[in-house]
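Novice: Provided herewith is a single structure, encoded as structure tokens, for subsequent inquiry.
The values are calculated or read from the model by the stated rules, or taken from the named source; none is laboratory data. Model, not experiment: these values are computed from the prediction. Cβ: placed from backbone, ideal geometry, glycine included. Neighbour counts: every protein chain shown. The accessibility values were calculated without ligands, DNA or RNA, using every heavy atom of the protein model including side chains. Shrake-Rupley method; radii C 1.70, N 1.55, O 1.52, S 1.80 Å.
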Amino acid sequence: MDRTRLEAFSDGVFAVAITLLALNIVVAGPVHGQQLVLVGELASHWPAFVAYAISFFTIGIIWVNHHALLRSVKAVDRTLLFLNLVLLLFVVLIPFSTATAADFLSKDNWDSRVAMALYAGVFVCMSLSFGGIFEWTLHSENVYQPLPPERHWAARIRFVGGAGVYAVAVVIALFSAYAAFALMGLVAVYYVFERTPTSPAPDSPGDGAEDADKSAR
């Protein structure tokens with residue numbers, strides 16, 4: 001299969017997921033006979049806005065790194081197609097988990113902690129599934145220049161490092177939803193400002209897999 005078809009389909013899913021985030025932000029309108037203070041209503045929805053920002057930039061980071069990783073791919077096989085589908089499965093779940101976390105976070109009870117654990121858990125699965133695609137690039141002959149075998153473990157640790165932080169956030173969420181929320185926000189901020197190297201074009205193979213590793217989560 002042509003790599004551009006995989007990229008086009010994935011881009012469409014990323015676009016839908018990132019759009020659904022905004023649709024989950026709802027502020028109550030005025031009720032007949034009652035006065036609504038809009039500023040107070042907006043302030044009470046701060047978890048929704050923060051969760052939206054974290055998820056928006058996380059999906060954006062996935063999209064950027066997905067593009068960088070696929071630039072090292074010469075040809076798409078059936079295994080890569082299904083690995084990519086698993087990644088998209090969890091990307092599409094991000095809006096749902098974001099809305100759930102935003103709805104329950106302000107309650108500061110067991111439900112809020114479970115909701116935040118769910119939110120972080122989706123991110124864990126997303127990061128691990130992305131790692132599965134990277135693992136494919138380490139062993140497939142359909143990449144321009146795979147990493148040398150002696151560098152595989154270092155690359156794996158670097159690529160799925162985000163999953164480890166998200167897994168810690170799942171555990172922390174069971175004790176403090178706010179602490180887990182802050183940790184996930186810090187991860188998003190870190191990757192937003194991390195410099196992403198440019199991968200080589202398909203017609204000029206170079207350090208494609210290495211560049212993808214450097215830009216990975």
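Novice: How about the range 76-104: which of its residues are assigned to a loop (DSSP other than H, G, I, E, B) and of a type outside the set (A, V, I, L, M)?
Specialist: 77 - this is the single residue of the range 76-104 that is assigned to a loop (DSSP other than H, G, I, E, B) and of a type outside the set (A, V, I, L, M).
Novice: Here's a follow-up. Considering only the range 207-215, I want to know if a residue exists there that is at pLDDT below 75 and outside any helix (DSSP H, G or I).
Specialist: The answer is yes; a qualifying residue exists.
Novice: While we're looking at this one, here's another question. Across the range 156-196, which residue is modelled with the highest pLDDT among those that are touching a Leu at 6+ places or on another chain (Cβ under 9 Å) and either open to solvent by 60 Å² or more (accessible area, probe 1.4 Å) or of a type in the set (Asp, Glu) (or both)?
Specialist: Among those residues, the one meeting the criterion is 168.
Novice: Another question about this same structure. Filter the range 1-41 for residues that are of a type in the set (D, E, K, R) and either farther than 30 Å from residue 80 by Cα or outside any helix (DSSP H, G or I) (or both); which is modelled with the highest pLDDT?
Specialist: Within the range 1-41, the match that is modelled with the highest pLDDT is 2.
Conditions (1) among the aromatic types (Phe, Trp, Tyr); (2) modelled with pLDDT under 85; (3) closer than 26 Å to residue 15 by Cα, marked per residue:
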position: 73; (1), (2), (3): no, no, yes
position: 79; (1), (2), (3): no, no, yes
position: 89; (1), (2), (3): no, no, yes
position: 94; (1), (2), (3): no, no, yes
position: 109; (1), (2), (3): no, no, no
position: 130; (1), (2), (3): yes, no, yes
position: 134; (1), (2), (3): yes, no, yes
position: 140; (1), (2), (3): no, yes, no
position: 154; (1), (2), (3): no, yes, no
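Novice: Looking at (1) closer than 22 Å to residue 160 by Cα; (2) surrounded by 15 or more Cβ atoms within 10 Å (Cβ to Cβ); (3) of a type in the set (A, V, I, L, M); (4) touching a residue at least 60 places away in the same chain (Cβ under 8 Å), which is the one condition that is false for residue 115?
Specialist: (1)
Novice: Run residue 107 past the list (1) open to solvent by 60 Å² or more (accessible area, probe 1.4 Å); (2) assigned to a helix (DSSP H, G or I) and report the number of the one that doesn't hold.
Specialist: The single condition residue 107 does not satisfy is (2).
Novice: Against the condition on the phi < 0 side of the Ramachandran plot and either of a type in the set (A, V, I, L, M) or under 12 Å from the mean Cα position of the chain (by Cα) (or both), how does residue 137 come out, does it pass?
Specialist: On the way: on the phi < 0 side of the Ramachandran plot: yes; either of a type in the set (A, V, I, L, M) or under 12 Å from the mean Cα position of the chain (by Cα) (or both): no.
Considered against the rule, which asks whether it is on the phi < 0 side of the Ramachandran plot and either of a type in the set (A, V, I, L, M) or under 12 Å from the mean Cα position of the chain (by Cα) (or both), residue 137 comes out as no.
Novice: What pairs come out if I take residues in the range 42-70 that are at pLDDT 90 or above and pair them with residues that are open to solvent by less than 20 Å² (accessible area, probe 1.4 Å) and among the β-branched types (Val, Ile, Thr) whose C-beta lies under 6 Å away, six or more apart or interchain?
Specialist: Taking only residues 6 or more apart or on different chains, the pairs are 51/98; 55/94; 55/98.
Novice: Still on this structure, I have one more. Working carefully through the options 120, 167, find the one that is more than 16 Å from residue 89 (Cα to Cα) and either hydrophobic (A, V, I, L, M, F, W, C) or touching an Asp or Glu at 6+ places or on another chain (Cβ under 7 Å) (or both). Let's see the steps before the verdict.
Specialist: Working: 120 fails: more than 16 Å from residue 89 (Cα to Cα).
From the options 120, 167, the qualifying one is 167.
Novice: How many residues are over 16 Å from the mean Cα position of the chain (by Cα) and in contact (Cβ under 8 Å) with a residue 40 or more places away in the chain if we restrict to the range 71-87?
Specialist: 10
Novice: Residue by residue through the range 125-142, note down the ones that are surrounded by fewer than 21 Cβ atoms within 10 Å (Cβ to Cβ) and hydrophobic (A, V, I, L, M, F, W, C).
Specialist: Those that are surrounded by fewer than 21 Cβ atoms within 10 Å (Cβ to Cβ) and hydrophobic (A, V, I, L, M, F, W, C): 125, 128, 136, 138.
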